[in-house]
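Working notes, beginning with the structure itself.
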Amino acid sequence: MRYLFKDEVRLVGEALGLPETLVWRQPFPGPGLAVRCLGEVNRQRLERLRAADVILTGELEKAGLLRMSSVDRSISSSTAEGSRPSGTAQAFAVLLPVQSVGVMGDQRTYQETIALRAVTTEDFMTADWARLALDLLARVANRIVNARCAASIAWSTTSPASRRPPLMGIGVRPLFFSYLKEIFTWAR
């Protein structure tokens, strides 16, 4: 499994009949909660990060953007120039150890900053940051601040570097997929 791309892991999960909520969990597979809590990792910071993550993924789900549909995953080079797949391939929050000033009611507050990240992809070999609607981003930011998870919200607009899994040598992937095919054929 560790040699598969994210879309392939999800396809295996679906083929195994795993619950959709598990297969499409964000991020899956991806950075765990403690990895996304930069600086000291403690219960209070993890709870704030978890709450922000729930708000982000909840709003994406309500907007129908939490996951890329199967139509999106099959987009080929024939896609019109400038058009992008809808939905997100991966979305998550990161708690930064950077203090910022905010206002809650009539008082100033000093809290950390949360960075939000969502990416789209056509082939799961490369990715680009998701161009989400500004009203959606504003709603997510307001909810996170009002939940007292952070005083400031940042949106990541940097495209991730292309990542390839290790051992992508000749024959590794076809061999693995023929093995999976045998397992699924035998299991029926």
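Yes or no, residue by residue, for (1) more than 12 Å from SER152 (Cα to Cα); (2) surrounded by fewer than 19 Cβ atoms within 10 Å (Cβ to Cβ):
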| position | (1), (2) |
| --- | --- |
| GLY87 | yes, no |
| GLN90 | yes, no |
| VAL98 | no, yes |
| VAL101 | no, yes |
| GLN107 | yes, yes |
| ILE114 | no, no |
| ARG117 | yes, no |
| THR120 | yes, no |
| ALA133 | yes, yes |
Of a type in the set (D, E, K, R), assigned to a helix (DSSP H, G or I) and modelled with pLDDT under 70: is that true of ASP53 in this structure?
no
I need the full set of residues from the stretch 95-124 which are touching a Cys at 6+ places or on another chain (Cβ under 7 Å) and more than 19 Å from VAL54 (Cβ to Cβ), in order please.
none
Could you pull out the residue among SER86, SER156, SER100 that is within 20 Å of the chain's Cα centre (by Cα) and at pLDDT 85 or above?
SER156
List the pairs whose first member sits in the stretch 98-111 and is more than 16 Å from ARG45 (Cβ to Cβ), whose second member is of a type outside the set (D, E, K, R) and loosely packed, with under 10 Cβ neighbours inside 10 Å, and whose Cβ atoms are under 8 Å apart, counting only residues at least 6 apart or on separate chains?
VAL101/TYR110; GLY102/TYR110
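The values are calculated or read from the model by the stated rules, or taken from the named source; none is laboratory data. Owing to the predicted nature of the structure, the values given are computational and were not obtained by experimental measurement. A quick note on method: Cβ atoms are made from the backbone with ideal geometry, for glycine too, and the neighbour counts reach across all protein chains shown.
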